[in-house]
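Notes for the one structure printed next.
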Amino acid sequence: MKISQIEKFIGPEPDFVDIRDVFLVFWRRIGLFLAALVLVTSLVTVITLQVKPKYTTAASVLIDLQEKDATDLSSVLTGAPPDSAQVDTQVEVIKSLILGDKVVTKLNLVNDPEFNGNLRDIKEFAKFKDWVKSLLPQPLANEKTVSVSEELEKERVVRAVLSRLSV
């Protein structure tokens with residue numbers, strides 16, 4: 001068939017877009033548009049609620065090992081800067097396990113899932129893990145093993161805190 005014969009059946013092709021026809025096509029597909037909107041909104045909401053907030057901070061510490069009398073201006077202004085060994089010693093003290101242990105104890109970070117990986121287990125996985133552990137022979141628990149496991153958990157938390165610390 002030639003183009004002229006086709007035009008006899010359907011008429012000539014219009015030169016403009018009819019807004020009413022566009023609206024009718026949209027209206028016929030409104031269910032599809034609404035389903036896509038609900039799906040995308042639900043996915044974004046679920047992903048947003050799953051993301052844990054992260055907080056970062058920075059602090060500067062001025063190390064001055066010389067005692068100065070603040071009322072005497074000349075003693076404050078004239079002082080030798082701390083040498084590298086003193087600064088390195090203070091940095092190592094800040095990064096020490098003992099100080100990290102004090103931070104974990106004071107802020108109770110053993111109960112924070114961000115630092116204690118045992119608290120981050122998915123509930124179903126934790127149930128499965130407990131079920132598998134129940135199948136294995138269990139050693140008798142006494143106070144010594146319980147305190148050792150608590151100390152190991154606390155040490156893991158201290159190491160997790162210190163791994164995120166940069167001095």
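Brief remarks follow.
- Rounded to whole Hz, the Karplus (6.51, -1.76, 1.60) HN-Hα couplings of the range 102-107, x for glycine and proline: 5, 5, 4, 5, 5, 8
- Taken one residue at a time, the phi angles of the range 35-51 give Karplus couplings (6.51, -1.76, 1.60, θ = phi - 60°) of 5, 5, 4, 5, 4, 5, 5, 5, 4, 5, 5, 5, 5, 5, 6, 7, 6 Hz. Gly and Pro are set to x.
Each reported figure results from applying straightforward, stated rules to the coordinates on display, with no laboratory input. Here the structure is a predicted model, which means the values were calculated and not measured.
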